[in-house]
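Novice: I have a structure I would like to understand better, so I am pasting it below and will then ask my questions one at a time.
The values are calculated or read from the model by the stated rules, or taken from the named source; none is laboratory data. Fair warning: this is a prediction, and the values are worked out from it, not measured in the lab. Using ideal geometry, Cβ is built from the backbone for each residue, glycine included, and neighbour counts are taken over all protein chains shown.
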Amino acid sequence: MSERRKFYTSFHDLSPREYMYIPEGSLEVGKPGSFSKIEVGHLIIAIAVLTIAFSFTFSKNNLLFFVLGSPIDIGSFFYFMPIALLGIVTAFFIHELSHKIVAQKCGLWSEFRMYPRGLLLSVVIAFFTGLVFAAPGAVMFRGNANPSDTGRIAAAGVSANIVIAVFTYVLYHFIFSDMGLWGTLIGFICLVNLLLATFNLLPFGPLDGKKVMMWKETVWFVLFAVSVLLLSGMFIGGNLLTKFFI
C-alpha cells in the first residue's frame, strides 16, 4: 500500500496544480535551509511583484489617488521601492523561510511555490485602489506530519515576524521616531511584520493561527496578544496612519 502524502501550506490550502512546478518522482527532503533552483526563481518573482505592489500603495501612485486629485510622482515610487523591498524581504521571505526550515527539520519535503494569479491580483489591486491584497504563494510541505509538527511549522513563521517586529518596534519608538528616512524604513519593516503576523494568526480557514491553536492554545494566545498589542502601539503612538495610509 502506497504511503499517503499530504500537502500543508502556510497561506492557502490550494491544490498543487494551482501552484505549478511540483517536481515529479521522488522528492528529497534536503538539509534545513537548502533551496532548489525552481524555488529560488519563485521566491525572486514573488518578492519583486510584492515590492512593486507595495510601492504603488505607499508612494500613492495609484489610480484611486490620481482620481482624488493626487499628482503622479514617479520619484516617490522609486523612493519607496527599496523600502518596500527591505520590508518584504524581512517579513515575507523570513516568514516563509522559517516555515521551510522547521518543516525540513521535521523530515518533510518543503519548498516555496508562487501563486501566479495571486501575484497578478496583488499588483492590479494596488495599482487601481492603493490597497495590497498579498497572496504571493506558500511554502508547501509534502510528507507525513502529525498535529505537533504542523503546529510548530505554522508557529515558526509568525514567531519570526514577531521577533523582527519587537526589535524594530524598539528602534522605531526610542531611536528613529523622527520619521526621517531611517524612521520610515524601520517603521515600515515593523508594520509589515506585524500585519503579516496578526493576519496569519487569525484562527480560521487555512491560516497559521488555526494550526497553532489546534496544537497549543496557549502558544496561539501569547503570539496573537503580542502581535495585536504591538500593532496597536504602532498606530496609536507611531504616527503611521498619516505616514503610510493618508
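Novice: List, please: which pairs have Cβ atoms under 8 Å, are six or more places apart or on different chains, and start with a residue in segment 198-225 that is surrounded by 15 or more Cβ atoms within 10 Å (Cβ to Cβ) and end with one that is of a type in the set (Lys, Arg)?
Specialist: Pairs found: Pro203/Lys210; Trp215/Arg152.
Novice: Is it the case, given these coordinates, that Val163 is surrounded by fewer than 20 Cβ atoms within 10 Å (Cβ to Cβ) and assigned by TED's automatic domain parsing to the domain that holds Trp220?
Specialist: yes
Residues are listed down the side, and each one gets a yes or a no for (1) crowded, with 19+ Cβ neighbours inside 10 Å; (2) closer than 18 Å to Ala197 by Cα; (3) at pLDDT 85 or above:
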position: Phe78; (1), (2), (3): no, no, no
position: Ala103; (1), (2), (3): yes, no, yes
position: Gly107; (1), (2), (3): no, no, yes
position: Glu111; (1), (2), (3): yes, no, yes
position: Val124; (1), (2), (3): no, no, yes
position: Phe141; (1), (2), (3): yes, no, no
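Novice: Select, from Ser122, Ser110, Ser148, Ser98, the only residue that is assigned to a strand (DSSP E or B) and within 25 Å of Ile162 (Cβ to Cβ).
Specialist: Ser110
Novice: Please specify each residue of segment 138-190 satisfying the condition of being β-branched (Val, Ile, Thr) and out of contact with any Lys or Arg (no Cβ under 9 Å at 6 or more places or on another chain).
Specialist: Listed by number, the residues that qualify are Val158, Ile162, Val163, Ile164, Val166, Thr168, Val170, Ile175, Ile186, Ile189.
Novice: Look through Leu119, Leu97 and report the one residue that is in contact (Cβ under 8 Å) with a residue 60 or more places away in the chain, surrounded by 21 or more Cβ atoms within 10 Å (Cβ to Cβ) and within 16 Å of the chain's Cα centre (by Cα). It would help to see each step written out before you state the result.
Specialist: Numbers: Leu97 fails: surrounded by 21 or more Cβ atoms within 10 Å (Cβ to Cβ).
Only one candidate qualifies: Leu119.
Novice: Which number in (1) surrounded by 18 or more Cβ atoms within 10 Å (Cβ to Cβ); (2) more than 29 Å from Met214 (Cβ to Cβ); (3) assigned by TED's automatic domain parsing to the domain that holds Val219; (4) among the small types (Gly, Ala, Ser) marks the one condition that Gly130 misses?
Specialist: All conditions pass for Gly130, except number (3).
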